[in-house]
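Accompanying notes for the structure given below.
Derivation of every value follows stated rules applied to the coordinates shown; laboratory data play no part. Everything numeric here is computed off the predicted structure, so don't read it as measured data. Reconstructed Cβ throughout: ideal geometry from the backbone, glycine too, with neighbour counts over all protein chains shown.
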Amino acid sequence: EILTTYWQQRADSLEGISTSRHYINAIADLNTETGIVFDNISFKQALDKACKENKLVFIDCYADWCAPCKWLDRNTFKDESIGEYFKEMFISLKMNMEVDEGIELREKYEVMAFPTMLILDSDGNEISRILGALDVETLMSKIREVFLELEKDKNQI
């Protein structure tokens, strides 16, 4: 909101139409973000938050050089319906597996290919993994399979 207000004031104060349009387009991009909202928190914080909210953790494991990862970001992860579903069911993280905390997680979960999407419980136990740059329908189908398996396992107890 602060950025939107700032950029709107900046756009209003500019005399050049093309520069003003640049700011107005940036404001529109900020206000129309759809899709999965990835939390900017640590892995430990994500587990804690998942425990408190009774959700699973979804981690998009990527590398900066990975073209399929970028495709997934621009296409599948931007879909509005998938964003709403993930907001309800997951604490979502985006983790570069080649820097900082990502290196440790890559080793722990043996991530060997990109993109890899991990689904974890709030204790950090792997429930499932999904590989590849999938379209919305395919990813949602795989996610629903995970929840069906979890439900089946719960009913067998």
Matching residues in segment 110-128 - criterion: being surrounded by 17 or more Cβ atoms within 10 Å (Cβ to Cβ) and either in contact with a Phe, Trp or Tyr (Cβ under 9 Å, 6 or more places away or on another chain) or charged (D, E, K, R) (or both): PHE114, PRO115, THR116, MET117, LEU118, ILE119, LEU120
Just the residues that are assigned to a helix (DSSP H, G or I) and basic (Lys, Arg), please, taken from segment 128-157. LYS142, ARG144, LYS152, LYS154
Exactly one of GLU107, GLU80, GLU137 is within 13 Å of the chain's Cα centre (by Cα), more than 21 Å from GLU53 (Cα to Cα) and loosely packed, with under 14 Cβ neighbours inside 10 Å, and that residue is GLU80
Given the structure, is ASP123 among the acidic types (Asp, Glu), in a loop (DSSP other than H, G, I, E, B) and within 22 Å of SER42 (Cβ to Cβ)? yes
